[in-house]
Amino acid sequence: MIKAVLPGEYGKPRPCLVIQSDRLAKLDSVILCPLTSDIETDGPTRFAVAAGGEGGLMMESLVMVDKVTAVSRSRCREHIGRLDAAMMQQIDARLAFVVGLMG
């Protein structure tokens, strides 16, 4: 997880989950899923992450898997944490649902 400045965010860095393969590290851009602290919008395209722990979040948040975006690496800020393999498997399943790879 990193903080990144997304288009339309008025320069305010927000937590984001990097979903791009490490094999694409030489690209000028990075693919992200932004996070929100508005936990009322839970659903099949959102994934809850608790505050603290390995994720490095200050408050409970949702990964917005339905808001995948690519940004220039220059918009990426500090590394704040990571999700474990089990969590990433759940993110992968939601990504497959969002892009139509599963029903």
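The values are calculated or read from the model by the stated rules, or taken from the named source; none is laboratory data. Here the structure is a predicted model, which is why all the values come from computation and not from measurement. When we count neighbours, we look across all protein chains shown, and the Cβ atoms used for this are built from the backbone with ideal geometry, even at glycine.
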Run down ALA70, ALA96 and say which single residue is free of Cβ contacts under 8 Å to residues at least 40 places away in the same chain and closer than 26 Å to LYS26 by Cα. ALA96
So, in the stretch 21-33, how many residues would count as being in contact (Cβ under 8 Å) with a residue 12 or more places away in the chain and within 17 Å of ALA93 (Cα to Cα)? 3
Confirm whether PRO13 is farther than 15 Å from VAL98 by Cβ and either at pLDDT below 95 or in contact with a Pro (Cβ under 7 Å, 6 or more places away or on another chain) (or both). yes
Could you grab me the full set of residues in the stretch 74-88 that are part of a helix (DSSP H, G or I) and either free of Cβ contacts under 8 Å to residues at least 24 places away in the same chain or within 13 Å of the chain's Cα centre (by Cα) (or both)? SER74, ALA85, ALA86, MET87, MET88
Note: among ILE31, ILE91, just one is part of a helix (DSSP H, G or I) and modelled with pLDDT of 95 or more, namely ILE91
Just checking, does the stretch 49-60 include any residue being of a type outside the set (Gly, Ala, Ser), part of a strand (DSSP E or B), touching a residue at least 12 places away in the same chain (Cβ under 8 Å) and surrounded by 20 or more Cβ atoms within 10 Å (Cβ to Cβ)? yes
Does ASP66 fit the bill of being more than 13 Å from the chain's Cα centre (by Cα) and either surrounded by 14 or more Cβ atoms within 10 Å (Cβ to Cβ) or of a type in the set (D, E, K, R) (or both)? no
Are any residues in the stretch 1-28 touching a Lys or Arg at 6+ places or on another chain (Cβ under 6 Å), aliphatic (A, V, I, L, M) and part of a strand (DSSP E or B), and if so, which ones? ALA4
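Each row is one residue, and each column tells you yes or no for (1) crowded, with 16+ Cβ neighbours inside 10 Å; (2) under 24 Å from GLY8 (Cα atoms).
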{"site": "SER21", "(1), (2)": "no, no"}
{"site": "THR36", "(1), (2)": "no, yes"}
{"site": "CYS76", "(1), (2)": "yes, yes"}
{"site": "ALA86", "(1), (2)": "no, no"}
{"site": "GLN89", "(1), (2)": "no, no"}
{"site": "ALA93", "(1), (2)": "no, no"}
